[in-house]
Amino acid sequence: MTPTKASREDRIFNTISYIVLSLVLCIMLFPIINIVARSFSSTEANIKGIVWLWPVEFSLRGYQKVFENPQVWSGYLNSIIITIVGTSINLALTLTAAYALSRKDFFGRNVVMSLFVFTLLFNGGLIPTYLLVRNLGMLNTRWALVLPNAVVVYNVIVTRTFFQTTIPDELLEASHLDGCSDFRFFRSVVLPLSGPIIAVIALWYAVGHWNSYFQALIYIRNERLFPLQIILRNILLENRVDNFDELAPEEWAERIGLAMLLKYSLIIIASVPVLMLYPFIQKYFVKGVMIGSLKG
């Protein structure tokens, strides 16, 4: 079959699209490349502002300084545990709630959905939430970073919409004729067909847990339980230069350069795990977002 030749208008449109998308790609990539280059450059090069797309006076000092702190490794471990456990709980609760709310034979589902949506408009506030966490005995435990936000209503709505638009009622009727229970239908039919939306909400939840900062600042006092973000914050604060008048010019410049180098190194250290995760689920991401947003 002879391929259809693109018209002049189509070629112009495609050319403009490629140009615009290339510009957007460059705009998005430049900050990342610049930060990577700065993290591998010397303190002098960072102070002079001569680093753009390639390291100047290649140096690993920033990373060496960060990883010399033993708390960085414990922070990594805590963040990994919180992310894995928290995301697993999030997925279990979100998927089951969304599936139940997507079933037309679920009595009172509109009332329950209204209660879910109500929480998007109002919440208990910081102090009541803190008192609740304290009364439940979760202060200074990892559970304080996992359970209070175990379900995000927006993700429930998106997942429910995916089930409604993707899982036909005929599949449920056929499974009931074969004697399949609701739980087995959910486990054996719904979940295997829901790979895109599972990947999407898993990424959202995982990134949220990995970047979690404020909750740990409020609920955790034990340094051995600090997640990575708190450890990195403390490293930046320790190397902040406040006493300008007490330092010689050379020492002041050295401290400023080291603080800048640490900042860029810490950004890379905190971002690499998420950047490594995304390519593995990219093929599901766009499909899951688009299908889950078709109708509500």
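The values are calculated or read from the model by the stated rules, or taken from the named source; none is laboratory data. Keep in mind it's a predicted model, so treat the numbers as computed, not measured. Cβ sites come from the backbone with ideal geometry, for glycine too, and all protein chains shown count toward neighbours. Side chains are part of the model used for accessible areas, which takes the heavy atoms of the whole protein and leaves out ligands, DNA and RNA. Shrake-Rupley method; radii C 1.70, N 1.55, O 1.52, S 1.80 Å.
Some notes on this structure:
- For Leu177 and Leu25, the FRET efficiency from 1/(1 + (r/R0)^6), where r spans their Cβ atoms and R0 equals 45 Å, is about 0.30.
- For the set Lys104, Lys263, solvent exposure ranked by accessible area (probe 1.4 Å, protein chains only) runs largest to smallest as Lys104, Lys263.
- Estimated 222 nm signal from helices in the chain, with DSSP H stretches of n ≥ 4 weighted -39500 (n - 2.57), rounded to 500: -23000 deg cm²/dmol
- Each peptide in 206-214, 113-121 was scored by the mean count of other Cβ atoms within 10 Å over its residues; highest first, the order is 206-214, 113-121.
- Among the protein heavy atoms of the chain, carbon and sulfur supply 67% of the accessible surface, probe 1.4 Å, non-protein parts ignored.
- Charge tally in the Cβ shell below 12 Å around Asp182, where Lys, Arg are +1 and Asp, Glu are -1, Asp182 excluded: +2
- Normalised by 2.2 N^0.38 Å, where N is the number of residues, the C-alpha radius of gyration of the chain stands at 1.31.
- Label-to-label distance for Val272 and Leu53 is 2.4 nm, based on points extended 7 Å past Cα in the beta-carbon direction.
- Dipole of the chain, positive end: most advanced residue of Val51, Cys180, Leu77 [Cβ charges, Cα centre]: Cys180
- Note that the range 68-80 has calculated 3J(HN,Hα) couplings of 5, 7, x, 5, 4, 5, 5, x, 4, 4, 4, 5, 5 Hz, one per residue in order, obtained from phi through the Karplus relation 6.51 cos²θ - 1.76 cosθ + 1.60 (θ = phi - 60°); glycine and proline are x.
- The range 53-174, Cα convex hull volume normalised per residue, Å³: 221
- Modelled label positions at Val112 and Ile35, each set 7 Å beyond Cα in the direction of Cβ, lie 4.0 nm from each other.
- Charged-residue dipole, Cβ positions (Lys, Arg, Asp, Glu), the range 102-233 about Cα centre, Debye nearest 20: 660
- Accessible area expressed per residue, the range 37-104, with surrounding protein chains retained (probe 1.4 Å, Å²): 51
- Relative contact order for the range 22-91, counting Cα pairs under 8 Å that sit 6 or more residues apart, in percent: 23
- When you restrict to C-alpha pairs under 8 Å that are six or more residues apart and normalise by the size of the chain, the relative contact order lands at 30 percent.
- Across Leu177, Leu23, Leu277, the residue with the most accessible area heads the list, and the full order at a 1.4 Å probe is Leu177, Leu23, Leu277.
- Highest mean packing comes first when the peptides 145-155, 178-188, 38-48, 163-173 are listed by Cβ atoms within 10 Å, giving 38-48, 145-155, 163-173, 178-188.
- Overall, the ratio between the Cα radius of gyration of the range 111-193 and 2.2 N^0.38 Å, rounded to two decimals, is 1.54.
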